[in-house]
Amino acid sequence: MKVVATEIPLRVLTHNIRYATTSPFKGERPWEERAPRLLNELRYNTRNQDAFICLQEVLDNQLIDILSGLNASDSTNPATASKSPNQTWAYIGVGRDDGYKAGEYSPILYRPSVWELRHWETVWLSETPEVPSKSWDAASIRIVTIGVFTHHVSRHTVLAMSTHLDDQGSRSRYEAAHIILRKIEEYRNGRFGNIISGVFLGGDLNSEATQEAYTVLTASTSPLVDSASLVDTTDYYGNQTTWTGFGYEGQPPTRIDYVLLGPAVPDQSPDRGLPWGIEGYAVLPNRFDDGVFNSDHRAVVVDAKLRSPF
């Protein structure tokens, strides 16, 4: 008789990596210099982990560099070299400008040897979510990448989401948050609803804890909870703020990047009935002794155990 695990450990890492601009800010180094440092971050923090990586501001050439770097690392790792070629990393997502390769991606990276991709889509955070578009006061086209993944061993299924909300349009962020909540409801009531064990959203919300997107997404009636609110000081590592800039912006650092977990129930208990047990939360450094920022954002990492709802 096959034994199905009642819970599985899972790491979720989200990072806005800063797109590969041809006109760097003061203090910003070109992508060619930042890429090796960012890859080292991703390799180290997903090694020997059942992990998802949610990224933002990723151009097509950056996605190619990241995937090739991660997969080269896997192929030379003695612990994985003898396994199936599917031990490498794959991704879901599209460029936001044309639904193909143009513009920034908000991809989700995963290992097909660990997770079976059941379904995925990109939704535009606009009044016409099926096609590349922007609405309201948005300065840029914005998207959320959505995937349904089933763990090969435990058969737990997760609804995974990665997003990057507008940096200028307050109403756009407010409306986008509601679109994301409606998509979660749609999936939970749709064909995968009876098997989804957990939900997570990783991303740059461009919203502090008192502002529109965060308050909508973490309201008492929302199915999402901020993972940082579920840990105490013994399980919290690193910084509080997630956006730093490159040192010359003249703006204070802020917390705008999050990992939100669900589905929660609308009650007043500390964990709101979440199927997740939180084991650790971290905001990682984005600069070391060499002085090079690998991005103007810091990565957020959450370690959790997903419990079976069955």
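The values are calculated or read from the model by the stated rules, or taken from the named source; none is laboratory data. What you see is a predicted model; the values in this text were computed from it and never measured. Cβ placement follows ideal geometry from the backbone for every residue including glycine, while neighbour counts extend to all protein chains displayed.
Any idea which residue in the range 286-306 is nearest to Glu7 (Cα to Cα), counting only those that are under 20 Å from the mean Cα position of the chain (by Cα) and basic (Lys, Arg)?
Looking at the filtered set, the residue picked out is Lys305.
Going by the conditions given, is Tyr214 in contact with a helix residue (DSSP H, G or I) (Cβ under 9 Å, 6 or more places away or on another chain), assigned to a helix (DSSP H, G or I) and closer than 20 Å to Val12 by Cα? Break it down into steps so the answer makes sense when it comes.
Values: in contact with a helix residue (DSSP H, G or I) (Cβ under 9 Å, 6 or more places away or on another chain): yes; assigned to a helix (DSSP H, G or I): yes; closer than 20 Å to Val12 by Cα: yes.
For Tyr214, the condition - in contact with a helix residue (DSSP H, G or I) (Cβ under 9 Å, 6 or more places away or on another chain), assigned to a helix (DSSP H, G or I) and closer than 20 Å to Val12 by Cα - is met.
Checking the condition touching a strand residue (DSSP E or B) at 6+ places or on another chain (Cβ under 8 Å), basic (Lys, Arg) and surrounded by fewer than 18 Cβ atoms within 10 Å (Cβ to Cβ), which residue from Arg171, Arg188, Arg182 passes? Lay out the reasoning, then the answer.
Details: Arg171 fails: touching a strand residue (DSSP E or B) at 6+ places or on another chain (Cβ under 8 Å); Arg182 fails: touching a strand residue (DSSP E or B) at 6+ places or on another chain (Cβ under 8 Å).
Selected residue: Arg188, the only one of Arg171, Arg188, Arg182 that is touching a strand residue (DSSP E or B) at 6+ places or on another chain (Cβ under 8 Å), basic (Lys, Arg) and surrounded by fewer than 18 Cβ atoms within 10 Å (Cβ to Cβ).
Looking at (1) touching a His at 6+ places or on another chain (Cβ under 9 Å); (2) outside any loop (DSSP other than H, G, I, E, B), which one does Ser113 not meet, given that it meets all the others?
Going through the list (1) touching a His at 6+ places or on another chain (Cβ under 9 Å); (2) outside any loop (DSSP other than H, G, I, E, B), Ser113 breaks only (2).
Considering only the range 164-202, how many residues are in a strand (DSSP E or B) and hydrophobic (A, V, I, L, M, F, W, C)? Walk me through how you get there before you give the answer.
If we filter the range 164-202 for residues that are in a strand (DSSP E or B), which is where we start, we get 164, 196-202.
Now drop any that are not hydrophobic (A, V, I, L, M, F, W, C), which leaves 196, 199-201.
Number satisfying all stated conditions: 4.
Sort through Tyr248, Tyr214 and tell me the only one that's of a type in the set (Phe, Trp, Tyr) and under 24 Å from Ala160 (Cβ atoms). Explain how you work it out, then say what you get.
Values: Tyr248 fails: under 24 Å from Ala160 (Cβ atoms).
Unique residue meeting the criteria: Tyr214.
Within the bounds of the range 116-139, is there any residue that is of a type in the set (S, T, N, Q), within 18 Å of Phe200 (Cα to Cα) and in a loop (DSSP other than H, G, I, E, B)? Let's see the steps before the verdict.
Within the range 116-139, the first condition is being of a type in the set (S, T, N, Q), and the residues that meet it are 122, 126, 128, 133, 135.
Now narrow it down to the ones that are within 18 Å of Phe200 (Cα to Cα): 122.
Going one step further and asking which of them are in a loop (DSSP other than H, G, I, E, B), we end up with none.
Checked against the condition, which is being of a type in the set (S, T, N, Q), within 18 Å of Phe200 (Cα to Cα) and in a loop (DSSP other than H, G, I, E, B), the range 116-139 yields no hits at all.
Output the residue which, of all residues in the range 195-213 that are surrounded by fewer than 24 Cβ atoms within 10 Å (Cβ to Cβ) and of a type in the set (A, V, I, L, M), is farthest from the chain's Cα centre (by Cα).
Applying the filter and picking the extreme gives Ile195.
Run down Thr157, Thr122, Thr88 and say which single residue is surrounded by 18 or more Cβ atoms within 10 Å (Cβ to Cβ), touching a residue at least 40 places away in the same chain (Cβ under 8 Å), polar (S, T, N, Q) and within 30 Å of Trp276 (Cβ to Cβ).
Details: Thr122 fails: touching a residue at least 40 places away in the same chain (Cβ under 8 Å); Thr88 fails: touching a residue at least 40 places away in the same chain (Cβ under 8 Å).
The unique qualifying residue is Thr157.
Across the range 244-293, which residue is farthest from Leu224 (Cα to Cα) among those that are assigned to a loop (DSSP other than H, G, I, E, B) and basic (Lys, Arg)? It would help to see each step written out before you state the result.
Quick first cut of the range 244-293, residues assigned to a loop (DSSP other than H, G, I, E, B) only: 244-253, 255-256, 263-275, 284-286, 288-292.
From what is left, the residues that are basic (Lys, Arg) are 255, 272.
Values: Arg255: 18, Arg272: 9 Å.
The extreme case among them is Arg255.
Does the range 259-270 contain any residue that is touching a strand residue (DSSP E or B) at 6+ places or on another chain (Cβ under 7 Å) and either basic (Lys, Arg) or exposed (fewer than 15 other Cβ atoms within 10 Å of the Cβ) (or both)? Walk me through how you get there before you give the answer.
Here is the first cut: in the range 259-270, the residues touching a strand residue (DSSP E or B) at 6+ places or on another chain (Cβ under 7 Å) are 259-264.
Add one more test, that the residue is either basic (Lys, Arg) or exposed (fewer than 15 other Cβ atoms within 10 Å of the Cβ) (or both), and what stays is none.
Among the residues of the range 259-270, not one is touching a strand residue (DSSP E or B) at 6+ places or on another chain (Cβ under 7 Å) and either basic (Lys, Arg) or exposed (fewer than 15 other Cβ atoms within 10 Å of the Cβ) (or both), which makes the answer no.
I'm trying to understand the selection: among the residues of the range 218-258, which are within 17 Å of Asn294 (Cα to Cα), crowded, with 21+ Cβ neighbours inside 10 Å and either aromatic (Phe, Trp, Tyr) or free of Cβ contacts under 8 Å to residues at least 24 places away in the same chain (or both)?
Selection gives Trp243 alone.
Which ones in the range 250-270 are in contact with a Pro (Cβ under 6 Å, 6 or more places away or on another chain) and at pLDDT below 95?
Of everything in the range 250-270, just one residue is in contact with a Pro (Cβ under 6 Å, 6 or more places away or on another chain) and at pLDDT below 95, namely Ala264.
Would you confirm, using the coordinates I've provided, whether Phe25 is at pLDDT 95 or above and part of a loop (DSSP other than H, G, I, E, B)?
Working: at pLDDT 95 or above: yes; part of a loop (DSSP other than H, G, I, E, B): yes.
Taking the combined requirement at face value, the residue satisfies it.
Only one of Thr150, Thr215 is over 24 Å from Leu59 (Cα atoms) and in contact (Cβ under 8 Å) with a residue 40 or more places away in the chain. Can you tell me which?
On the way: Thr215 fails: in contact (Cβ under 8 Å) with a residue 40 or more places away in the chain.
Matching residue, one of Thr150, Thr215: Thr150.
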